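Here is the structure we will look at, set down as structure tokens.
The values are calculated or read from the model by the stated rules, or taken from the named source; none is laboratory data. Since we're looking at a predicted model, the values are computed, not measured. Backbone-built Cβ (ideal geometry, glycine too); neighbour counts: all protein chains shown. The area values use the complete protein model at the heavy-atom level, side chains included, leaving out ligands, DNA and RNA. Shrake-Rupley method; radii C 1.70, N 1.55, O 1.52, S 1.80 Å.
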Amino acid sequence: MPSPAPSSWRRFWLALTLCLPGLPLHAAEPPDDADLAAALAQPVYGASRLDAASKRAQDMRTAPGAAAVRTGGEIAAQGYRTLGEVLESLPGVHLRYDRAYSYVGLRGITRPGDYSSRLLVLVDGVRVNDALYESAPMDRDFPIDVSLIDRVEFIPGPGSALYGGNAVAGVVNVITRSPAQLAGGQGSVGIGSHSQRRATAAWGGNWGGQRVLLGLATENRPGTDLHYPEYASPGNPLGTAHGRDGERADKLFAKLQHDELQLSLGLSQRTKGIPTGAYDTAFDTAADWVDRYAMVSVAWRRMLSPESTLELQANHARYAFDSRTENTAGQHLRNGNDARWYGAELRWRHTGWLGHRVTLGLETQRNYRQQITQAVEQVADPDATRLAGHSERHGLYLVDEWTLRPDLLLNLGLRSDRRTDGSHGTTPRLALIWSATPAWTFKWLSGSAYREPNFNELYYEDELQRRPDGLRVESLRSHELVALWRPVPAWQLQGSLHRARMSDVIELVRRDDGLMGFTNRGGVHTLGADLEASWISAGGMQLRGSTSFERAEDAETGQPLSNAPLHLWKLSLTSPTPVAGLGVGLNLLRVGDRRLLQGGSTESYLRVNARLRYAPPGSPWEASLSAYNLLDRRYADPAGPEHQQASLAQDGRSWWLQLGRRF
């Protein structure tokens, strides 16, 4: 079945908008005591509880790893616009943006062509990475609007012992808001630099006896002129891409809760203009890439006894990509990719054995459609190439959190997987957690992870790229020492020393014949240290700062990897002001220089973002004013082998004004 045309999606949004007033929605009723307590327990600026580290709710102090959390309150206060910007505030994380997508670098690990596939992204515990590229969406292609995020949990390091493939450099779990946290309706409109526009609407309450949350978001950013001297010509002396950088994103998210059952639905479509001439696209011509995502999931939880719990989670998802471009030979190309998959996970928890907290899980995913279609559009009978397949993976895992004594916890994890190519693999994890004093906690972690070559890496080829003869599974082995100091609730200091070795790294390279192709290019060694401190004053001001040293080298040559900064510095301030209802958010990011694929490096840069947010007490209205890259610093990100440019300039200063109201 071909991917739906963009016009059909626009008709869907219009029909949905027209139908919303007719739904039998009742005014939001006050949540019950349990829901209200859960909502009020969520801090505005920080949280110490998370679910993803051991697939159960636990404090960061006992979680295996240097875990971190960013709450919805902090996201709103700092004006983060995408999931990528939220992650960029975390230690050891940096972004690279090539005017198509943002790619996440984790502790120096990011390689050309990987589409952030070494990071596993979950929404409420459900895998989001697609079944074609296994990419982790970071921009406006992420299917959930940031205004509906309750918190983002981040567990750096190998996570395959619990999650299987893709959890190589880290796991991100995005927890969405519950209907109890949105008792009523709210909406917002915003305008910004270069005629950017955005509108959101959300409602939470009771509908026919069910707890319901519904959210809509739409955003449009017209393209601006960008200059690339590599494409200068007599007819275009500055190498200008005229208005080719536009973007449109539309999203819907719904959640229904009934007793032990939760149902979620997400739909999104993002259209992005590509101005850079990537992949031999004719420069300064229309080149729109469209990403569509649809997902539905159901979760059920039952207490079998005071010591045992059974959980079931099932999901179905679809990812589609469409593009129509013109190449440098004057051919009009069409690319239509389609992936559909379903998955399920069954978990049993037991705490009845003295000193043991056991989780046993079975997980399966079937990719029943994996299809890439390429065509040269001609007057008659296009010459089309279709790559189609299907695959499946299954995993069985066991986690035992064993309390050896009151101050010593041993966390053991082991997972066995049947991978998509039919091979089998086992990944272990060991964490020893010592609470030396009420304030100090030390953790020693050792684990492994893997990533299979995805469908795109295995089978894609065209005039510019050749299919590899064979790709092996990537593997990683990591050791880490973590120290956590929390003398009082207002103070926290967390540091980590980590070392990892990767083998059979899959990377997109330019071959000797000038064509591109994926290959296992050898090994990568990383050595690093992260340190983050945070403080919350009695008046509600939060100050958070971090520094990271990450050395990532090619195992054979000893040379630094491309796009791997040696140093990262981050500082954020979130604070009320003497004016009632007025708050300020300020964040600074300094990224060290990064090596380019062609040699040389980008310059280090400092970027400052600021936000003022005014929500008068007792008023349903609120307003905010944000400035991004406040100092208007010029900086660039490394480009990939699909570009003629060695680096790509990033945006200068921009502003954003938003007005919101609760109903």
task: Scan region 532-541 residue by residue and report those that are in a strand (DSSP E or B), over 22 Å from the mean Cα position of the chain (by Cα) and either among the hydroxyl-bearing types (Ser, Thr, Tyr) or closer than 19 Å to VAL93 by Cβ (or both).
output: ALA533, SER534
field: Within region 273-310, tally of residues that are on the phi > 0 side of the Ramachandran plot and open to solvent by less than 50 Å² (accessible area, probe 1.4 Å)
entry: 2
- request: Would you mind finding the one in GLN269, GLN313 that is farther than 30 Å from VAL376 by Cα and out of contact with any His (no Cβ under 8 Å at 6 or more places or on another chain)?
  value: GLN313
message: Of all residues being aliphatic (A, V, I, L, M) and open to solvent by less than 50 Å² (accessible area, probe 1.4 Å) in region 574-587, which is nearest to LEU527 (Cα to Cα)? Just the residue, please.
response: VAL584
message: If ASP338 meets every condition in (1) open to solvent by less than 20 Å² (accessible area, probe 1.4 Å); (2) charged (D, E, K, R); (3) more than 30 Å from the chain's Cα centre (by Cα) apart from one, which number is that one?
response: (3)
- prompt: From the residues in region 103-127 that are assigned to a loop (DSSP other than H, G, I, E, B), in contact with a Phe, Trp or Tyr (Cβ under 8 Å, 6 or more places away or on another chain) and closer than 19 Å to ARG318 by Cα, which one is most open to solvent (accessible area, probe 1.4 Å)?
  reply: TYR115
- request: Hey, could you check region 228-245 for residues that are in contact (Cβ under 8 Å) with a residue 40 or more places away in the chain and in a strand (DSSP E or B) and say which is surrounded by the most Cβ atoms within 10 Å (Cβ to Cβ)?
  value: ALA241
message: Could you tell me how many of the residues in region 542-561 are in contact (Cβ under 8 Å) with a residue 40 or more places away in the chain, of a type in the set (A, V, I, L, M) and assigned to a strand (DSSP E or B)?
response: 1
query: Of everything in region 381-400 that's among the small types (Gly, Ala, Ser) and open to solvent by less than 70 Å² (accessible area, probe 1.4 Å), which residue is modelled with the highest pLDDT?
result: GLY395
Among (1) more than 26 Å from ASP421 (Cβ to Cβ); (2) surrounded by 16 or more Cβ atoms within 10 Å (Cβ to Cβ); (3) at pLDDT 95 or above - the single one ARG324 does not satisfy: (3)
- prompt: Among strands (runs of 3 or more DSSP E) lying entirely in region 159-227, which contain 3 or more residues that are within 17 Å of SER264 (Cβ to Cβ)?
  reply: 170-176, 196-207, 210-221
- line: If you go through THR403, THR420, THR426, THR437, the only one that is among the polar types (S, T, N, Q), outside any strand (DSSP E or B), modelled with pLDDT of 95 or more and open to solvent by 20 Å² or more (accessible area, probe 1.4 Å) is THR437
- prompt: What about LEU132, is it touching a helix residue (DSSP H, G or I) at 6+ places or on another chain (Cβ under 7 Å) and more than 25 Å from ASP651 (Cβ to Cβ)?
  reply: yes
query: Is it the case that LEU630 is among the hydrophobic types (A, V, I, L, M, F, W, C), farther than 13 Å from TYR97 by Cβ and out of contact with any Gly (no Cβ under 9 Å at 6 or more places or on another chain)?
result: yes
message: Of the residues ARG248, ARG270, only one is at pLDDT 95 or above, part of a strand (DSSP E or B), closer than 30 Å to VAL123 by Cα and open to solvent by 60 Å² or more (accessible area, probe 1.4 Å); which?
response: ARG248
- prompt: Is it true that PHE518 is part of a strand (DSSP E or B) and open to solvent by less than 20 Å² (accessible area, probe 1.4 Å)?
  reply: yes
- prompt: Within the set of pairs 6 or more residues apart or between chains, which connect a residue that is in contact (Cβ under 8 Å) with a residue 12 or more places away in the chain and surrounded by fewer than 24 Cβ atoms within 10 Å (Cβ to Cβ) inside region 153-164 to a residue that is in a loop (DSSP other than H, G, I, E, B) and not small (Gly, Ala, Ser) with Cβ atoms less than 7 Å apart?
  reply: GLU153/ASP51
query: Do any residues in region 81-98 that are open to solvent by less than 20 Å² (accessible area, probe 1.4 Å) have Cβ atoms under 8 Å from those of residues that are assigned to a helix (DSSP H, G or I) and of a type in the set (Val, Ile, Thr), where the two are at least six apart or on different chains, and which pairs are they?
result: THR82/VAL146; LEU83/VAL146; VAL86/ILE75; VAL86/VAL146
task: Out of ALA500, ALA564, report the one residue that is within 22 Å of VAL591 (Cβ to Cβ) and outside any strand (DSSP E or B).
output: ALA564
